[in-house]
Amino acid sequence: MMVLDKLKEWQETGDGPRLGVISNFDERLPKLLEALGIADYFDIIITSKECGMEKPCRQIFDIALTRLGIYERDAAVHVGNDYDTDVKGATAAGWNALYVKEPAYTNLPAQTTDTPFTVVGDLGKVLDVFGLEDPEQVIITTIHRTGNEHARW
């Protein structure tokens, strides 16, 4: 099952996680996501332009939690492809972080207690982290754990 198929299933059944986009982008992002046909898969879309701050600022992550109605920071997971803005920002805000970086996982940042994260090779592997593996996925990548135990997720 492809990532978009899983998002559509969650939307239709209502039993999936709350999903949002936090982006260092401007007011064009919602229209761009609509043009791509994926805007409806997200409960919230937050841009740095709208908030007046950019990731890694903790407040943009706090705004996302508030809008989603989530009050436990450690229940939130941020998926991003930039270590400095996504991983550092999410972990500083108390979120779990998934770092999307294509294999072979070279030049990975050093793991610290302040920034525990898991590396995945593509968005399809994000589903694997949550036990939603796609048995028909053709491209196989690996999950590289860097000390994050995923106790809550």
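Only the coordinates and a few stated rules stand behind these numbers; no lab work does. Keep in mind it's a predicted model, so treat the numbers as computed, not measured. All Cβ positions, even for glycine, are placed from backbone atoms using ideal geometry, and neighbour counts span all protein chains on display.
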Q. FRET efficiency for Ile38 and Arg73, Cβ-Cβ distance as r, R0 = 22 Å, nearest 0.05?
A. 0.25
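Using the Cα centre of the range 26-85 as the reference point, and only Cβ charges (+1 on K/R, -1 on D/E), how large is the resulting charge dipole? Debye, rounded to the nearest 20.
Dipole of the range 26-85, to the nearest 20 debye: 80 debye.
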**Q.** Highest-first arrangement of 87-98, 6-17, 112-123, where packing means the average Cβ count within 10 Å
**A.** 87-98, 112-123, 6-17
